[in-house]
Amino acid sequence: MPQQVTDIETLKSYINGVMSRADHHAGDVNEISLALAGAIVWKKDVDPIEVMVRDGETKNVLWVKINNTRYAFSYNHNSGEIELRRASIRGDILHTFSNKTPLNQIKLIFESL
C-alpha cells in the first residue's frame, strides 16, 4: 500500500529508513541513495512522492511523477542495484544505480526524464 509523502519530515523519515537498511544489507547503494533522493526532489512534479508501506513499515520502493510520467525506484536484491522503471515495479527498466554510478550520470538521466 503506497503512502503519500507530502512533507519534508515524512521524506526524511523514509530516507533514514532506506539509509539504515542500505548500511546493513545493501552497501552498494548506500551512497547513491542520497544522490537519487536529491534528484527525485529536484525533478518531481507537483504530485506527492509515494512510498511502499507494508505492515506499518516503509519499504525500498518509491514512486514519483516526473514530466507527467510515473516512475518506480526499487532495490533489486539479486543485482544489488536500485532500478528505475517506467510506471511500476514491473515496468521496463530504464536505468540501474549503484555507488559506482557517476554523479554526472544521475544528472543527465534525470534531465532526460
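All of the numbers you see were taken from the coordinates with simple rules; none came from a lab. Bear in mind that the values here come from a model prediction, so they are computed numbers and not experimental data. Methodologically, a virtual Cβ is constructed for each residue, glycine included, from the backbone with ideal geometry; neighbour enumeration extends over all protein chains shown.
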In region 2-112, with Lys and Arg counted as +1 and Asp and Glu as -1 at Cβ, which of these residues, 30, 80, 95, has the Cα nearest the positive end of the dipole, that is, farthest along it? 95
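Report relative contact order for region 45-100 in percent, whole number only (criteria: Cα-Cα under 8 Å, sequence separation at least 6). Display every interim value, and only then the final one.
Details: 101 pairs, mean separation 12.2, N = 56.
Computed over region 45-100, the figure is 22 percent.
Assigning unit charges at the beta carbon (Lys, Arg +1; Asp, Glu -1) and nothing else, what dipole magnitude in debye, to the nearest 20, does the chain show about its Cα centre?
Values: 13 positive and 14 negative charges, 53 e Å.
Value, rounded to 20: 260 debye.
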The distance between the Cα centres of region 74-112 and region 1-64, in whole Å, is 14 Å
Count, lysine Cα pairs under 19 Å in the chain, 8 or more residues apart or across chains: 9
Packing-ranked peptide list from 43-54, 62-73, highest mean Cβ count within 10 angstrom first, is 62-73, 43-54
What are the ³J(HN,Hα) values, in whole Hz, obtained from phi via the Karplus relation 6.51 cos²θ - 1.76 cosθ + 1.60 with θ = phi - 60°, for each residue of region 78-83 in sequence order, with x given for Gly and Pro? 6, 8, x, 10, 8, 9
What size of dipole, in debye to the nearest 20, comes out for region 51-96 about its Cα centre when the only charges are +1 on Lys and Arg C-beta atoms and -1 on Asp and Glu C-beta atoms? 220 debye
Apply the Karplus parameterisation 6.51 cos²θ - 1.76 cosθ + 1.60, with θ equal to phi minus 60°, to every residue of region 30-35 and state each ³J(HN,Hα) to the nearest whole Hz, in sequence, with x for glycine and proline. 5, 8, 5, 4, 5, 5
Would you work out which of 14, 64, 4 lies farthest towards the positive end of the dipole of region 2-112, given +1 charges on the beta-carbon of Lys and Arg and -1 on that of Asp and Glu, about the Cα centre? 64
